[in-house]
Amino acid sequence: METGVKGRFAPSPSGRAHLGNILCCLLAWLSARQSGGRVVLRIEDLDTARCPRRYADQMEADLLRLGLSWDEGPGGGPDGPYYQSLRTDLYQAALEKLAGMGLVYPCFCTRAELHAASAPHREDGQTVYAGTCRALTAEQAAERAKGRPPALRLRVPPEEWAFTDGHMGRYGENLERDCGDFLLRRSDGLFAYQLAVVVDDAAMGITQVVRGADLLSSTPRQLYLYRLLGLTPPEFFHFPLLLSPEGRRLSKRDAAAGLDGIRLPAAEVLGRLAYLAGFNPSGAGRTPESLLADFSWDKVPREDIRIPVGLFEGG
Ligand code: GLU
């Protein structure tokens, strides 16, 4: 029976998928399907130079080979287009709405200036914007815009924004102290992830967001955007990150964790990922459908997961 639940995969295909991407899709798929929900595939290719279409096509092929299917996506659906690069009109409209509320200002800081002026770095490696351009007058901004095009930032209040994550529990941040005024559009004209993801999840009717814990700290900012734009936020489930055997975060450049380097059959890959995620104790090969009976968020660890040496070798 179909319920109102709608989950999504939202990969940024800047290279071949790695195990972390696949785990994300598996958990999103299981979480949505287990509650009778639909799944959307949205390609987060805002940065088209880094995410060429061939990587997106490869991502689709990899997911299908693993048996991770979707109901709406680049091939069709009621809320398309499903490539962020084709949705910029929607982001522009949201930006104008925020600007109309007097909350958007131009920022002329260079990368080096940002680095030098920013408040202490956060645990996740991001920096808190020091507010350098917050108080520029319209005249000062117009003068500086002759030199270089500005980025656009959202002015945030000194308020605590907290929520209860479906897996990680309560999490909150003070927007001004812990995040600072954040980017809505970069100086090269590309819209920022935070704005695009909120606009898209709302426009596509997403009710359930499953993603890596590296994005937990983005959620208070996104909830603030939902409120400003008058949109209803989804439920969030953040899961722990997969680490390489040496304890590093996986990246698309990590050959051993990329599908390019893994020779195992699809079911073996999923079975071993489900083992790491706590709901396939034997580690045997599994299809996504067969995992529906075993998956539950309670079994998934909350700490980062280190991939044991050799687990994905063979085949
Ligand atoms: N596109 C993001 C990524 O691949 C995920 C964004 C999200 O799930 O909110 O890391």
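The values are calculated or read from the model by the stated rules, or taken from the named source; none is laboratory data. Remember, predicted model here, so these are calculated numbers, not experimental data. Neighbour counts are summed over all protein chains in view; Cβ atoms, including those assigned to glycine, are modelled from backbone coordinates with ideal geometry.
Before we move on, is Ser14 small (Gly, Ala, Ser), in contact with a helix residue (DSSP H, G or I) (Cβ under 8 Å, 6 or more places away or on another chain), within 12 Å of the ligand (Cβ to nearest atom) and on the phi < 0 side of the Ramachandran plot? The answer is yes for Ser14.
Considering (1) in contact with an Asp or Glu (Cβ under 8 Å, 6 or more places away or on another chain); (2) farther than 21 Å from Glu173 by Cα, the lone condition that Leu241 does not fulfil carries the number (2). Condition check for Ala93 on (1) under 19 Å from Phe191 (Cβ atoms); (2) within 13 Å of the ligand (Cβ to nearest atom): one failure, at (2). Residues that are at pLDDT 95 or above and touching a Lys or Arg at 6+ places or on another chain (Cβ under 7 Å) do occur in the stretch 106-117.
Restricting attention to the stretch 240-260 and to residues that are charged (D, E, K, R) and surrounded by 13 or more Cβ atoms within 10 Å (Cβ to Cβ), the residue that is modelled with the lowest pLDDT turns out to be Lys252.
Checking the stated criteria, Arg8 turns out to be near the ligand (Cβ under 9 Å from one of its atoms) and either more than 15 Å from the chain's Cα centre (by Cα) or assigned to a strand (DSSP E or B) (or both). When the residues of the stretch 166-208 are filtered to those that are crowded, with 18+ Cβ neighbours inside 10 Å and among the small types (Gly, Ala, Ser), the one that is farthest from the ligand (Cβ to nearest atom) is Gly180. In the set Leu103, Leu98, Leu86, only one residue is without any contact (Cβ under 8 Å) to a residue 24 or more places away in the chain and surrounded by 13 or more Cβ atoms within 10 Å (Cβ to Cβ); that residue is Leu86.
Taking the listed residues Leu231, Leu215, the one that is without any contact (Cβ under 8 Å) to a residue 40 or more places away in the chain, within 16 Å of the ligand (Cβ to nearest atom) and not in a helix (DSSP H, G or I) is Leu231, with no other qualifying.
Return a yes/no flag: does the stretch 155-163 have any residue that is closer than 25 Å to Arg211 by Cβ, touching a strand residue (DSSP E or B) at 6+ places or on another chain (Cβ under 8 Å) and among the aromatic types (Phe, Trp, Tyr).
Taking every residue of the stretch 155-163 in turn, at least one turns out to be closer than 25 Å to Arg211 by Cβ, touching a strand residue (DSSP E or B) at 6+ places or on another chain (Cβ under 8 Å) and among the aromatic types (Phe, Trp, Tyr).
Inspect all residues belonging to the stretch 47-59 and state whether any of them is acidic (Asp, Glu) and surrounded by 13 or more Cβ atoms within 10 Å (Cβ to Cβ). Checked against the condition, which is being acidic (Asp, Glu) and surrounded by 13 or more Cβ atoms within 10 Å (Cβ to Cβ), the stretch 47-59 yields at least one hit.
What number of residues in the stretch 189-207 are in contact with a strand residue (DSSP E or B) (Cβ under 8 Å, 6 or more places away or on another chain) and among the acidic types (Asp, Glu)?
Residues flagged as in contact with a strand residue (DSSP E or B) (Cβ under 8 Å, 6 or more places away or on another chain) and among the acidic types (Asp, Glu) within the stretch 189-207 amount to 1.
Taking every residue in the stretch 40-64 that is closer than 28 Å to Gly4 by Cα and within 14 Å of the ligand (Cβ to nearest atom) and pairing it with any residue that is in a helix (DSSP H, G or I) and among the β-branched types (Val, Ile, Thr), at least 6 positions away or on another chain, yields no pair with a Cβ-Cβ distance below 7 Å.
Annotation: of all residues in the stretch 261-280 being touching a helix residue (DSSP H, G or I) at 6+ places or on another chain (Cβ under 7 Å), modelled with pLDDT of 95 or more and in a loop (DSSP other than H, G, I, E, B), the one that is surrounded by the fewest Cβ atoms within 10 Å (Cβ to Cβ) is Gly278.
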